[in-house]
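The values are calculated or read from the model by the stated rules, or taken from the named source; none is laboratory data. Quick caveat, the model's predicted, so the values are computed rather than measured. For neighbour counting, all protein chains shown are included, and Cβ atoms are generated from backbone atoms with ideal geometry for every residue, glycine included.
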Amino acid sequence: MLVYNSQTHRKQELKPIREGKISMYVCGPTVYDQIHVGNARTFLDFDVIRRYLIHKGYEVMFAQNLTDVDDKIINRANEQGRTAEEVASEFSDASIEQMHRFGIMDPDIRPRATREIDTMQDMISELIAGGHAYAPGNGDVYFSVRSDPSYGVVSGRNVDELMVGARIEENEEKRDPLDFALWKAAKPGEPSWPSPGGDGRPGWHTECCAMVHRYLGTPLDIHGGGADLAFPHHENESAQASCAWGVPLANVWMHTGMLMIDGEKMSKSLGNFYTLKEILDKYPAEAVRLLMLQTHYRSPLDFSFKRLDGVVGTWQRLAGCVRNLRWAADNAEAAGNAGGDASGLVDASAKAREAFEAQMDDDFNTAGALAAVFDLVTTANTYLDQAGASASAEGCRAAADAIEDLLGILGIGLGLDEEDGGLPHELVGLAAELVGYAGDDPAEATDALLEARSAARAAKDWGKADSIRDGIAALGLVIEDTAAGPRVHKGE
């Protein structure tokens, strides 16, 4: 399996530190607001990478933090007249809720920065003892960037070049403008914790690095996040790890491309800023996943509601194809006839599985993997049109299973279990009223209605046929006439 390493700018064979096991860390949200759709793209991509690694048989230990102490949280709390803890608690819960709605698997470990202060202080002490950090005496602690000869290894930045464009802060406590805060002295009204150098709170870069080391060890196999985190966040994390423990923080660095809205950078000032909650309140999570995964994780993603509207239709057509395949297979078996030649669809299904894995094995190319699924759907639809009542149960089941299995690896459900999970009991009363059905089984009642409708259409009794159709529609269901016969399902 090939994985693109952002640090080396090339694909390389994935070689776990421990055979059969992958340790993986992805920077989580800073919880001062609802997570936005750009965050969601990153979290989705790594969710799918994790799912695929599990599919390939790896034992994946996945950690993702919640940054629950930060300047943004403090500023939001001050704006709203609340405590930083109240803001962080509200939006930590909101973040987890939206991830669940979006189908993101819970991490194995979800550390919260405020609960890991001792771990961070231990790391800071290591850095001070090694001459890589210093305390000017005002309660702050800074990392000495020039003490790390490998600084710039993750992002490819050069220290001297950084100095040319550096914004010189009015901070006489720093020895070098590039040095960054490991610990910030307490200020009135801000959350703080005791430390040997004085009360304060950790710097952002300190948090992730310390938590990675505690829960996954260093180096870990994969460290991920959005492309905007490569510098300075990931660079500073890497520098701290190499100076504190003498090893790289991660063997492979992975970064997702930026999300654009209709070709423009997402920003509140442009009025094109959307939270994930806003999107999921209006669109199925599966369709949003499908839209995002049609772009390779390293490429910029152009998000638009026009595209999303189209993908909702695509998702429904995928579900319709599987529904029709299973219906055709059931009908063939119910008639005691397995149908015609199965080899075409069976072979196409096997080839789709192979193509899917080949694309995913090449740096998790979800766009190529989905293309393999779409090709199979096209083949299956053509087969159903041509085969009609002589469709092969074996071939139809092979194609339906392949489509559902492959989409399932990407975390995309088709809603068929919910749809087929129970026809409404009102169908019993409708069938009793319209066609004299005397039982109490919604499935049997549906069959009776469809048989009566077919008989009415054959006799050109359009009034009766329409009354059956309209009665079924009033229950939120539709009749779909397929080559293998009519069927009833929930309306879309």
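Here are a few things to note about the model shown:
- On the stretch given as segment 6-24, residues that are buried (at least 18 other Cβ atoms within 10 Å of the Cβ) and out of contact with any Leu (no Cβ under 9 Å at 6 or more places or on another chain) total 2.
- Single residue of segment 133-148 satisfying the filter (surrounded by fewer than 19 Cβ atoms within 10 Å (Cβ to Cβ) and polar (S, T, N, Q)) that is farthest from Asp199 (Cα to Cα): Ser147
- Given (1) modelled with pLDDT under 95; (2) among the β-branched types (Val, Ile, Thr); (3) closer than 30 Å to Pro149 by Cβ, index of the condition Thr256 fails: (1)
- The conditions of being at pLDDT below 95 and crowded, with 22+ Cβ neighbours inside 10 Å are not met by Ser238.
- Whichever residue in segment 330-350 is of a type in the set (A, V, I, L, M, F, W, C) and modelled with pLDDT of 90 or more and, among such residues, is surrounded by the fewest Cβ atoms within 10 Å (Cβ to Cβ): Ala350
- Looking only at segment 249-301, and only at residues there that are among the hydroxyl-bearing types (Ser, Thr, Tyr) and under 22 Å from Phe356 (Cβ atoms), the one that is surrounded by the most Cβ atoms within 10 Å (Cβ to Cβ): Thr256
Each row is one residue, and each column tells you yes or no for (1) touching a residue at least 24 places away in the same chain (Cβ under 8 Å); (2) under 11 Å from Val322 (Cα atoms); (3) outside any helix (DSSP H, G or I).
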site: Ala371; (1), (2), (3): no, no, no
site: Thr378; (1), (2), (3): no, no, no
site: Gln386; (1), (2), (3): no, no, no
site: Cys396; (1), (2), (3): yes, yes, no
site: Glu404; (1), (2), (3): yes, yes, no
site: Gly408; (1), (2), (3): no, no, no
site: Ile412; (1), (2), (3): yes, no, yes
site: Pro424; (1), (2), (3): yes, no, yes
site: Val428; (1), (2), (3): no, no, no
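- With respect to (1) under 27 Å from Val478 (Cβ atoms); (2) surrounded by 16 or more Cβ atoms within 10 Å (Cβ to Cβ); (3) more than 18 Å from the chain's Cα centre (by Cα); (4) modelled with pLDDT of 95 or more, the lone exception for Arg353 is condition (1).
- Within segment 57-97, being touching a strand residue (DSSP E or B) at 6+ places or on another chain (Cβ under 8 Å) and of a type in the set (S, T, N, Q) holds for Gln64, Asn65, Thr67, Ser92, Ser95.
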